[in-house]
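Read through the structure below, which is laid out as structure tokens, and then see the notes.
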Amino acid sequence: PDEDGMCKVSFELNGQTRTLSIKDETAVVDKVAYQKATEPNQIGAPLQGRLSKVLVNVGDKVKANDVLFIIEAMKMETNVAATADGVVKAIPLAEGGLVAQDDLIMEME
């Protein structure tokens with residue numbers, strides 16, 4: 001299995017070779033998965049990359065369009081701004097960590 005616990009299975013169907021990925025339930029996976037942003041007051045990573053800088057702290061009041069954090073991917077930086085006025089309630093991830101798309105970076109009140 002790969003680092004996600006998936007195995008590739010190849011077979012032939014109607015003369016064509018096909019490959020599927022199947023989860024190996026017995027494989028031990030050490031990959032870290034973070035909570036995803038699912039609620040309207042949660043702000044997730046817009047893309048996969050490194051959380052290079054968090055520009056606010058818990059308890060800070062922010063206005064719409066204030067930059068909250070910066071994601072770095074492929075030598076480019078993406079500023080993520082607040083969509084509405086609010087107060088920063090929680091920041092579960094630390095600067096410098098790798099994040100996947102939609103990982104929860106910040107929760108607002």
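The values are calculated or read from the model by the stated rules, or taken from the named source; none is laboratory data. Nothing here was measured: the structure is a model prediction, and the numbers come from that model. When we count neighbours, we look across all protein chains shown, and the Cβ atoms used for this are built from the backbone with ideal geometry, even at glycine. Note: accessible area is taken over every heavy atom of the protein model, side chains too, but ligands, DNA and RNA are not part of it. Shrake-Rupley method; radii C 1.70, N 1.55, O 1.52, S 1.80 Å.
Are there any pairs, at least 6 apart or on different chains, whose C-beta atoms fall under 7 Å, with the first in segment 7-18 and assigned to a strand (DSSP E or B) and the second among the hydroxyl-bearing types (Ser, Thr, Tyr) and open to solvent by 100 Å² or more (accessible area, probe 1.4 Å), and if so, which?
Between residues of segment 7-18 that are assigned to a strand (DSSP E or B) and residues that are among the hydroxyl-bearing types (Ser, Thr, Tyr) and open to solvent by 100 Å² or more (accessible area, probe 1.4 Å), the close pairs are SER10/THR17.
For (1) under 20 Å from ALA94 (Cα atoms); (2) at pLDDT 90 or above; (3) not acidic (Asp, Glu), each residue gets a yes or a no:
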{"position": "GLN16", "(1), (2), (3)": "no, yes, yes"}
{"position": "LYS31", "(1), (2), (3)": "yes, no, yes"}
{"position": "LYS36", "(1), (2), (3)": "yes, yes, yes"}
{"position": "ASN41", "(1), (2), (3)": "yes, yes, yes"}
{"position": "GLY49", "(1), (2), (3)": "yes, yes, yes"}
{"position": "ILE70", "(1), (2), (3)": "yes, yes, yes"}
{"position": "ALA73", "(1), (2), (3)": "yes, yes, yes"}
{"position": "THR78", "(1), (2), (3)": "yes, yes, yes"}
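With (1) in a strand (DSSP E or B); (2) touching a residue at least 24 places away in the same chain (Cβ under 8 Å); (3) of a type in the set (Ser, Thr, Tyr) as the list, and SER21 as the residue in question, which single condition is left unmet?
(2)
Taking segment 78-109 as the search range and keeping residues that are assigned to a loop (DSSP other than H, G, I, E, B) and of a type in the set (A, V, I, L, M), which one is surrounded by the fewest Cβ atoms within 10 Å (Cβ to Cβ)?
So in segment 78-109, the residues assigned to a loop (DSSP other than H, G, I, E, B) come out as 82-85, 91-97, 100-102, 109.
Going one step further and asking which of them are of a type in the set (A, V, I, L, M), we end up with 82, 84, 91, 93-94, 100.
Working: ALA82: 18, ALA84: 11, ILE91: 20, LEU93: 19, ALA94: 8, ALA100: 14.
The residue in question is ALA94.
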